[in-house]
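Quick notes on the structure that follows.
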Amino acid sequence: LLADADALGSLGQNRRQAGWDVRRVPPVQLPLFAALAAPALGEEPAPALPLLPPAEEVAADYQTHRLSLKGHPMQFLRGHFAAQGVLDCAAINAAQDGAKVRAAGVVLIRQRPGKGNAVFITIEDETGIVNALLWARDLEAQRRAVMAARLMLIEGEVQRSKENVVHLMARRVIDASAELARLSDSAPGTGSPARHPRNVRILPRSRDFH
């Protein structure tokens, strides 16, 4: 677990090398002094393992720490989403009232007050957060995407209040979690989204309130 969490850097080992060394140890309890009576076998040369690509480092951090100081998953997916006309959160928060936009990000919070007629969703990317609102009348047709997505794409309209508070009034919600598979490709954005199905779970679950 410590090796997977990149906690052995102070010992001069990166995440991949530490994981390799740990997995070479037999999965049995080792007597503390058993090696004293064993014949010397010489030191086994350490294999030259390549470093993990930055996107995979971030993915591994989210799997073990639920966050990363090395980057944000969306920064590695930015080119993919930008090609679909998706703006980053900073650009949406700076957009004019009434602008039609597409946003994408990691789902932080989903909230639907007891008898409320709307669902509030907060998504995050490498530039900040966007607070989205989806009316209950639009929820049922896309409930699965709204409730299950860990990476979400939202289409809607920017609403800016007199107090300069910005909300994204959602019209369409898409579960983009499968795109997280791209984080485990050495060249992000070029691999098959079905190649690493476990990666849809690299992001922690959002904090949901109902």
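Nothing in this text is a laboratory measurement; each read-out follows from the coordinates by a stated rule. From a predicted model like this one, the values you see are computed outputs, not experimental measurements. Here Cβ is always computed from backbone atoms with ideal geometry, including for glycine, and neighbour counts include all displayed protein chains.
Structural remarks
- Applying a DSSP loop filter and a limit of 10 other Cβ atoms within 10 Å to the trypsin sites (Lys or Arg not before Pro) in the range 46-153 leaves 115.
- Ranked list, fewest to most other Cβ atoms within 10 Å of each Cβ, for 184, 161: 161, 184
- A straight Cα-to-Cα reach below 23 Å connects residue 100 with the lysines 162, residues fewer than 8 places away in its own chain not being considered.
- Modelled spin labels at residue 117 and residue 48, positioned 7 Å past Cα toward Cβ, are 6.8 nm from each other.
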